[in-house]
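The values are calculated or read from the model by the stated rules, or taken from the named source; none is laboratory data. Since this is a predicted model, take the numbers as computed values, not measurements. Positions of Cβ are generated from backbone atoms using ideal geometry, with glycine treated the same way; all protein chains shown enter the neighbour counts.
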Amino acid sequence: MIWHPQAYQSLINGDYSLVQQFYEQLIEAEPENASHYWYLGLAYLLTRQEPEAQATWLLAMSQGEEQEQQEWTSQLIEILDSEAQRQQEQENYQLSWLIRAHLREIVPTLINNLLNLIHLEICLNCYSPKHLEDWDVVEILQSTPTETLNTDLLLQVLSEVLEFPALLTVAFVKASQHHIRKFDIFFTTVNQVVLKIAYDRLQAAYAADLTEICLEAQPDNIYLVDQLFWFNFMAKRYPQARKAAEKFYQQAESLSLKVFGQYKLLQILLHSGAWLETQSMTKDYIASLQQMLKAGLESIDSVVKAALQGMAMPLYYLQDNPRENRALQNQLSRLFQDNVQNLQGMPNRIEVKRLQPHRLKIGYIAHTLRRHSVGWLSRWLLHYRNRDSFEVALYLVNQPEDELTEAWFRQKADLTYNFSNERAIALQIEKDEIDILVDLDSITNVITCQVMALKPAPLQVTWLGLDGSGVPAIDYYIADDYVLPQEAQDYYHEKIWRLPHCYLAVDGFESGVPTLRREHLNIPSEAIIYLSVQTGLKRHPDTIRLQMKVLKEVPNSYLLVKGAGQTEKIEQLFLSIASEEGVSPNRIRFLSTVASEEIHRANLTIADVVLDTFPYNGATTTLEVLWMGIPLVTRVGQQFAARNSYTFMIHAGLTEGIAWTDEEYIQWGIKLGTDERLRQQIAWKLKNGRKTAPLWNAQQFTRDMENAYQQMWAKFNT
């Protein structure tokens, strides 16, 4: 079927009214020619006269027998499809969509037309995954023979639809898979979008669902299992993540993959609260790590090499043994750095010593400069910075940005970037000629570690994010005289730079309106409330047992547990230990999360005493508790993570509640719960300390940090 030559030229010129007039006249002359009606109706569509188009087609169709109608419908489909395609090629997407929408009404099951409609809606920015359901696309796709399907079009639409996270999209992808005979083409199309969706747009659950589809085609692909684990882990879908971790371990054949499988299992057990299952694994995991390290980098699988820097992290939560933990961390990070430098092909930077510049260029790199603990705590360093002596650049690592990012970081820095690629970040740092690069992530972000391993700045420092990463390219680790014992330099690769006061200070925290009341929790007004505020990662059973011993000895006391609501296993852990220690489960309340950090801080005031975790203390939570004037019991250990609350309390002017043994922890818990006058004295001391204590003097802290930068630079240039 083709247009009449006289009408075709008007069509090409876009003069659709002339086309319409021509076919109206042609029908008067040749009323028996059915094809004239198809073209006239299309001309009406092109002039946006939809009712007239439909009436024209319907009138003509009604004049034929059933067999004729089938033949005429095929003609109309061909004509509409051809013109829709022509309009699309001319980038007249709205007209093309209009034609295809009417074609769908005529024949709703034409899958190629539906795929084109989806593509056009995406071009027009009006697509919604709900259309997959409204148009029965998945069902039609499942029932369509592959030989009648335009698979090139399907691949194109698949790559476009993947950008719209929804369960309906997952169903569409699943239905598409059996039509694309070559799995590598399907996998490449899906996976390149999946990685972006998971890491750039933080839609990890959706990415996991798509990875499941790929695994159905290749169930023995251990790298897909690895991907599935991380996506479910990021989405906090712990049962699915555990299943993936177990499958990874079962499929692993090499030593390094087996170790990586153990690491995944430990991670998921800790996060989900299955602490009791970790007890038997810890020694085996340490032995496996040591065996892998002894074998060397060449024997380690590529997927493991990319994660080496973080594989000691579970140990910080499991044991307070910094000599063993740090030895493993340093060795893992050295191999990690060797691998990064080998892959990137960037030679070690030639360090050119420069004269003292007018302004030192300080770069801060992090993925957490937002409503996140690191964002809340680090913001003061930019707020009080000396603009005459320091130029500041921020290198955000693939992070979402919020009002905290804008007000406290972007507006206060000289330069701000947001990158998702380690090489791009490193090259920008070199281009900006940063003198000192400060890492706020440590081992919590692989891209940050990769950047630090490339050594893009002459001096590199780790501060705040976690314990030191052990990456050899990092020169200094910021601490103080309390958060690390004096002998700590023996087991740190980085040179420990101790500030004269606390390694961190803030001016305080914003607080909202509390939403917790005793009567809502069915707790008597005269009762003593203990509070424990941490994630499942820090819920070591030994510390929970100490907390139960405290509760048992203080009559009419209750324990509120916050941060445990996301998993039943943590609740079961508390209740099980409570039962063993003779504490009624009715004295324990599990609190759900709240809408904002400000409400969370306000709700802290319901507590009479806060009980800290061990061997991994609170950090931000400890600062918030002290700021709100609440007594705290902490157990001091040897590792950095076990001494945070200790240094914060000392620098807040408080020694009451600092315990050096388990027995002291119990004793302080009982004393603070039974001595109301002591609690009042502590509250008064903390409130008055806001005016004078180093912990609440962020301006002095900023001067201490900037003096450290200048001294580091002076040493570098001597």
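Within the bounds of region 152-171, is there any residue that is in contact (Cβ under 8 Å) with a residue 12 or more places away in the chain and more than 22 Å from Asn191 (Cα to Cα)?
No, region 152-171 contains no residue that is in contact (Cβ under 8 Å) with a residue 12 or more places away in the chain and more than 22 Å from Asn191 (Cα to Cα).
Of Lys715, Lys691, Lys687, which residue is out of contact with any helix residue (DSSP H, G or I) (no Cβ under 9 Å at 6 or more places or on another chain) and under 30 Å from Leu551 (Cα atoms)?
Answer to the check: Lys687.
Considering only region 258-325, give the helices (runs of 4 or more DSSP H) lying wholly within it that have at least 1 residues that are free of Cβ contacts under 8 Å to residues at least 40 places away in the same chain and under 27 Å from Arg643 (Cβ atoms).
282-295, 313-318
Would you check which residues across region 248-292 are within 18 Å of Thr535 (Cβ to Cβ) and acidic (Asp, Glu) and list them?
Glu277
Tell me the helices (runs of 4 or more DSSP H) entirely within region 175-248 that contain at least 3 residues that are over 29 Å from Asn150 (Cβ atoms).
Hits in region 175-248: 204-217, 222-234.
Tally up the residues in region 396-407 that are crowded, with 21+ Cβ neighbours inside 10 Å and over 17 Å from the mean Cα position of the chain (by Cα), please.
Counting residues in region 396-407 that are crowded, with 21+ Cβ neighbours inside 10 Å and over 17 Å from the mean Cα position of the chain (by Cα) gives 0.
Would it be correct to say that Ser96 is farther than 28 Å from Leu124 by Cα and in a helix (DSSP H, G or I)?
No: the conditions fail for Ser96.
Can you find even one residue in region 307-323 that is farther than 13 Å from Gln262 by Cα and either modelled with pLDDT under 95 or of a type in the set (Val, Ile, Thr) (or both)?
no
Quick check on region 360-380. Is at least one of its residues surrounded by fewer than 19 Cβ atoms within 10 Å (Cβ to Cβ) and more than 20 Å from Asp441 (Cα to Cα)?
There is no residue in region 360-380 that is surrounded by fewer than 19 Cβ atoms within 10 Å (Cβ to Cβ) and more than 20 Å from Asp441 (Cα to Cα).
Which condition does Trp376 not pass, out of (1) over 28 Å from Gln700 (Cβ atoms); (2) modelled with pLDDT of 95 or more; (3) in a helix (DSSP H, G or I); (4) not small (Gly, Ala, Ser), if it passes all the others?
(1)
Please give the number of the condition Gln341 fails out of (1) within 30 Å of Glu433 (Cα to Cα); (2) touching a residue at least 60 places away in the same chain (Cβ under 8 Å); (3) out of contact with any helix residue (DSSP H, G or I) (no Cβ under 7 Å at 6 or more places or on another chain); (4) surrounded by fewer than 22 Cβ atoms within 10 Å (Cβ to Cβ).
For Gln341, the exception is condition (3).
Gly629 - would you say it is under 20 Å from Ala505 (Cβ atoms), not assigned by the TED database to the domain that holds Pro485 and not β-branched (Val, Ile, Thr)?
When the stated conditions are applied, Gly629 passes them.
Can you tell me how many residues in region 36-65 are part of a helix (DSSP H, G or I), surrounded by fewer than 18 Cβ atoms within 10 Å (Cβ to Cβ) and either under 55 Å from the mean Cα position of the chain (by Cα) or at pLDDT 80 or above (or both)?
The total comes to 6.
Just to check your reading of the model, which residue among Gln699, Gln680, Gln667 is within 35 Å of the chain's Cα centre (by Cα) and surrounded by fewer than 19 Cβ atoms within 10 Å (Cβ to Cβ)?
Result: Gln699 is the single residue among Gln699, Gln680, Gln667 that is within 35 Å of the chain's Cα centre (by Cα) and surrounded by fewer than 19 Cβ atoms within 10 Å (Cβ to Cβ).
Looking at region 4-35, which of its residues are at pLDDT below 75 and assigned to a loop (DSSP other than H, G, I, E, B)?
His4
(1) farther than 16 Å from Pro322 by Cβ; (2) within 29 Å of the chain's Cα centre (by Cα); (3) among the hydrophobic types (A, V, I, L, M, F, W, C): which one isn't true of Leu466, the others all being true?
Leu466 satisfies every listed condition except (1).
Please go through region 519-535 and give me each residue that is part of a helix (DSSP H, G or I) and farther than 17 Å from Thr593 by Cα, ordered by number.
Hit for region 519-535 is Glu519, nothing else.
Yes/no per residue for (1) under 30 Å from Thr282 (Cβ atoms); (2) of a type in the set (Ser, Thr, Tyr); (3) assigned by the TED database to the domain that holds Val636:
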{"site": "Gly508", "(1), (2), (3)": "no, no, no"}
{"site": "Ile529", "(1), (2), (3)": "no, no, yes"}
{"site": "Pro541", "(1), (2), (3)": "yes, no, yes"}
{"site": "Gln547", "(1), (2), (3)": "yes, no, yes"}
{"site": "Val554", "(1), (2), (3)": "no, no, yes"}
{"site": "Gly563", "(1), (2), (3)": "yes, no, yes"}
{"site": "Asn586", "(1), (2), (3)": "no, no, yes"}
{"site": "Pro615", "(1), (2), (3)": "yes, no, yes"}
{"site": "Ala619", "(1), (2), (3)": "yes, no, yes"}
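Here is a list: Asp209, Asp220. Which entry is closer than 25 Å to Phe186 by Cβ, surrounded by fewer than 17 Cβ atoms within 10 Å (Cβ to Cβ) and of a type in the set (D, E, K, R)?
Of Asp209, Asp220, the one residue that is closer than 25 Å to Phe186 by Cβ, surrounded by fewer than 17 Cβ atoms within 10 Å (Cβ to Cβ) and of a type in the set (D, E, K, R) is Asp220.
So in region 414-430, with the set limited to residues that are in a loop (DSSP other than H, G, I, E, B) and not hydroxyl-bearing (Ser, Thr, Tyr), which one is modelled with the highest pLDDT?
It comes out as Asp414.
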